[in-house]
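Undergrad: Structure incoming, see below.
The values are calculated or read from the model by the stated rules, or taken from the named source; none is laboratory data. The structure presented is a predicted model; accordingly, all values stated were derived computationally and were not measured. All Cβ positions, glycine included, derive from the backbone under ideal geometry; neighbour counts span all protein chains shown.
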Amino acid sequence: MKKLLPIFSALSLALVVSSAVAGDSPQERRHDLMEDAKEAAKPVALMLRGELEFDAAVAMTSFETWKNVSSEAGELFPEGSETGFDTEARETIWTDREGFDAVLVAWSDAIDAAIAAEP
């Protein structure tokens, strides 16, 4: 078994590196990020509705997920990615890029404030 551990470790590393090198299309990556954001919203929504007892650690985890999404999202809407991968992205992202970028900044600022409040 000890002889197999380095082999499994090397294979695991190779899989991680190859998937990172291969990279996802912007449409695929933003889809994954939006799924992350959606999952992070679920416990927060339940807490806000009083259906789940407040848990600061869970809230903070959601905030950190949203921070990651907000910091990466702007780069994932390049020209030419308006179509493909059954995108649900609104056309205004490309027709009003300044407005979209402003919304991302406002969202990021709100997340920073929530994190700084240390719920």
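Undergrad: Could you check, for the stretch 93-103, whether at least one of its residues is in contact with a helix residue (DSSP H, G or I) (Cβ under 9 Å, 6 or more places away or on another chain), within 19 Å of LEU33 (Cβ to Cβ) and either of a type in the set (Lys, Arg) or surrounded by fewer than 17 Cβ atoms within 10 Å (Cβ to Cβ) (or both)?
TA: yes
Undergrad: Would you call GLU75 exposed (fewer than 13 other Cβ atoms within 10 Å of the Cβ), at pLDDT below 95 and not in a helix (DSSP H, G or I)?
TA: Values: exposed (fewer than 13 other Cβ atoms within 10 Å of the Cβ): yes; at pLDDT below 95: yes; not in a helix (DSSP H, G or I): no.
So GLU75 fails the test.
Undergrad: Identify the residue in the stretch 104-119 that is in contact with a helix residue (DSSP H, G or I) (Cβ under 8 Å, 6 or more places away or on another chain) and among the β-branched types (Val, Ile, Thr) and, among all such residues, is surrounded by the most Cβ atoms within 10 Å (Cβ to Cβ).
TA: Step by step, filter the stretch 104-119, then rank; the result is ILE111.
Undergrad: Name the residues in the stretch 55-64 that are crowded, with 19+ Cβ neighbours inside 10 Å and without any contact (Cβ under 8 Å) to a residue 40 or more places away in the chain, would you?
TA: Of everything in the stretch 55-64, just one residue is crowded, with 19+ Cβ neighbours inside 10 Å and without any contact (Cβ under 8 Å) to a residue 40 or more places away in the chain, namely SER62.
Undergrad: Can I ask one more? Going by the conditions given, is LEU46 outside any helix (DSSP H, G or I), of a type outside the set (Ser, Thr, Tyr), surrounded by 11 or more Cβ atoms within 10 Å (Cβ to Cβ) and at negative phi?
TA: On the way: outside any helix (DSSP H, G or I): no; of a type outside the set (Ser, Thr, Tyr): yes; surrounded by 11 or more Cβ atoms within 10 Å (Cβ to Cβ): yes; at negative phi: yes.
No, not satisfied.
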